[in-house]
1. Out of all the residues in segment 142-172, which are touching an Asp or Glu at 6+ places or on another chain (Cβ under 8 Å) and small (Gly, Ala, Ser)?
2. Check Leu170, Leu162, Leu94 and return the single one that is among the aliphatic types (A, V, I, L, M) and either assigned by TED's automatic domain parsing to the domain that holds Lys267 or not in a strand (DSSP E or B) (or both).
3. Return the only residue of Val118, Val79, Val88 being modelled with pLDDT under 90, in a strand (DSSP E or B) and assigned by TED's automatic domain parsing to the domain that holds Pro147.
4. Inspect all residues belonging to segment 685-702 and state whether any of them is closer than 14 Å to Leu636 by Cα and assigned by TED's automatic domain parsing to the domain that holds Val619.
5. Please count how many residues of segment 425-453 are of a type outside the set (Lys, Arg) and assigned to a loop (DSSP other than H, G, I, E, B).
6. Report yes if some residue within segment 63-76 is within 17 Å of Glu166 (Cα to Cα), in contact with a Lys or Arg (Cβ under 8 Å, 6 or more places away or on another chain) and assigned to a strand (DSSP E or B); otherwise report no.
7. Taking segment 600-642 only, how many residues are surrounded by fewer than 18 Cβ atoms within 10 Å (Cβ to Cβ) and among the hydroxyl-bearing types (Ser, Thr, Tyr)?
8. Looking only at segment 517-543, filter to residues that are of a type in the set (D, E, K, R) and within 18 Å of Val619 (Cα to Cα); which one of those is surrounded by the most Cβ atoms within 10 Å (Cβ to Cβ)?
Amino acid sequence: MKKTWAFCLGVICCFTLSACDDSNFELEQQTHINEFVLSSSAMADGDSLPTIYTCDGDSLSPPLTWHGAPEATKYYALVMHHDAPEGVHWYWTLYDINADTTQIKAGESLGQVGSNSVNDLDEYAPPCSKGPGKKSYTFTVYALSAPVAFNKQTKVDRATLLAAIEGTTLDSASMTVTYQRSASDNQGKAEAEKKRNNVPNQSRSTSNIDSPRCDDIKHSVNDAGFEQSVTVTCDEDYAYVASTTYPSHEVMTGITGTNEQIPVPAKGYAAPIKLNPEKAQKLTTIDAAVGVAVNGVPIYDYSSQGELDVTSYDPKHDTLALGQLDNCGGHAGRGDDYHYHVSPTCMINTMKNQASDAIIGWAYDGYPLYGDKNPDGSNIPQGALDVCNGQTDEKFGYRYQTSVTPPYVIQCLVGEVDTSKLPRVAPLSGDTQGIRADLRPPPEGVENLTHSVAEDGGRTMRYSYQGEDYFTTYTPSVDGDNCYDFKQKTISNGGKVQTGTFCRGSQSAASQPSTTRVNTNPAINGEHNLKLEAWADNWFAAYVGEQLLIEDSVSITTERSFNAESISFSADYPIQLNLIIKDFKQNDTGLEYIGAKNQQMGDGGFIMQLTDTDTNNVVAVSNKSWKCEVLHKAPLNKLCEDESNPVAGQGSCTFMSKEAPKNWLQSEFDDTNWPHATEHNFSAVGPKDGYDEINWDKNAQFIWGDDLETDNTLICRATIEQPQHSDVGNDK
């Protein structure tokens, strides 16, 4: 009996304990389900970050999943950061992610994208630690009760976002991973290559897009073997081919007609290729890139000067015939950007697939570019190619071809294209001395031009001219990831040894909207908050006293470099505002497009307004009260424009050039003898890109010297007193 009872008691206890265990398990499981949890299919909390998500891999953003957010969640925000000894570094900033979203895929971008601390761009920055040892990186997702409200001018970094969501954060979930860069020879070599080429991360990734054309573009890059340096992501309308525009093959060798520019990587360049091409009613010519090669290098037409007359070949500006191209069909343009003007032969020689059916590039209108033969390997009959150097295609509807005779490559676009969306490589900024602003091919060409790349990312171009050696060299600067320390001795600048630090910004589009920049010069400060807005044809720099406030972000050497700029700053009245304003001139003749059918004098124009943002009153505008001194005037005889071979200083092409007074930026400088600015009307200036982005005060006037065409460089001054009332007015 005792044994039986003991057995029964044991069974009862067993069942009881079992039930308790099950209850505890269910409780633990339920508790886990109700927690706000962040996880990843690629790694676990505490694990190592896979190399593919770092600069040593594909630089992709990692996949993340979250669940258990509070029921009241309306939006999510996501941040990735690293606590470094010198402060917080952040790599990923996302916000306004819809509440019905519970995951983000590898390489994907959701909601709105804020900046990172690596390059200050609105994109994911892959970890790329320069110091030794293992580093920790924390991902945090925030459940929010409301969307984040920022105005269009706000630069959203991690601190700005966290401050904005402080009152709306319901809960947060985090996970931390580590990464230690390898010191192995192969890894070190890969890191050096990445550092040299600045392989970008492409933030335009989207969720899966069902597009055969997107797949074709991706396959063309992968089949050629460039998937490690070129990324392709697609949305509903475009495939974005992203690269640094810097090829892996040799560059610049073989050039005789050098313009003394040197290729500088353009991090973040992304070429938009239409996924649904349609034939246009009118052919499109572009004075910039018309497409992109499968290695990410932009493709231009054959000409060295502006837009083409496609009905007439122009040998005077054939870059190949002029010796301006290297042995690979490319060169560095006015923005120190590398691009092709003819068939990219060296690129083709490095491709994994070199057969006739290999696609070697894509035009912006969405049609592919093939080599010198038809895809089936047959020769192209003479006269088969149209004026744009293309023909019909069974698969794509149309295709472009390269050719050994002009026009060599894509000459114009047959498909619909929105030119406002097309990118231009962001020019180098910071050239306040103008040492790279007026470089040009020397007469009779140069000899023995060589180009080399150092392990530290430095590049050097050497050549000789009339028995003397010249060079341009640069190395990565400590001033920033996209900044370079230059040293040069150029023919264009008289053989002087010159130095400077220049930075490459993010890519710009033809009609990129202006945003208000924030002053970063600590020497410019005061009690009054102000905003300067300006538009220039072609370039300007503004100073508060002797301190540089803003320099035009678009280089004067960029085709059609007219754009609007806006910057906020603080200062004390009276404000001494000084300007340098320039119209582009190819050389001292004062002309542009020299030797082309559209050879002409350029014409300038400048307009600005200064707003006191404390009162929202416009306190100063450009008008005839400004004092302006002309420093360069050319041609002094306008008949120079009609000369077939204009030479500066000869015949009709004489010019006036002088230096600015050394102390002209100082507030006490006496400008009594300077003439007043001349006001010009809207129709005379003809403002273009960017002008309409600013709501101009009715009193703001276009100013320049007496002659919009021949006055090329001016310096201008105005002293702005504190207004007692709305002296200028804010009637906009």
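The values are calculated or read from the model by the stated rules, or taken from the named source; none is laboratory data. From a predicted model like this one, the values you see are computed outputs, not experimental measurements. Note that each Cβ is placed from the backbone with ideal geometry, even for glycine, and that neighbours are counted across all protein chains shown.
1. Ala143
2. Among Leu170, Leu162, Leu94, only Leu162 is among the aliphatic types (A, V, I, L, M) and either assigned by TED's automatic domain parsing to the domain that holds Lys267 or not in a strand (DSSP E or B) (or both).
3. Val88
4. No, segment 685-702 contains no residue that is closer than 14 Å to Leu636 by Cα and assigned by TED's automatic domain parsing to the domain that holds Val619.
5. Here the count works out to 18.
6. In the first step, residues of segment 63-76 are kept if they are within 17 Å of Glu166 (Cα to Cα); the result is 69-70, 72-76.
Checking which are in contact with a Lys or Arg (Cβ under 8 Å, 6 or more places away or on another chain) leaves us with none.
Scanning segment 63-76, I find no residue that is within 17 Å of Glu166 (Cα to Cα), in contact with a Lys or Arg (Cβ under 8 Å, 6 or more places away or on another chain) and assigned to a strand (DSSP E or B), so the answer is no.
7. So the count comes out to 3.
8. Glu533
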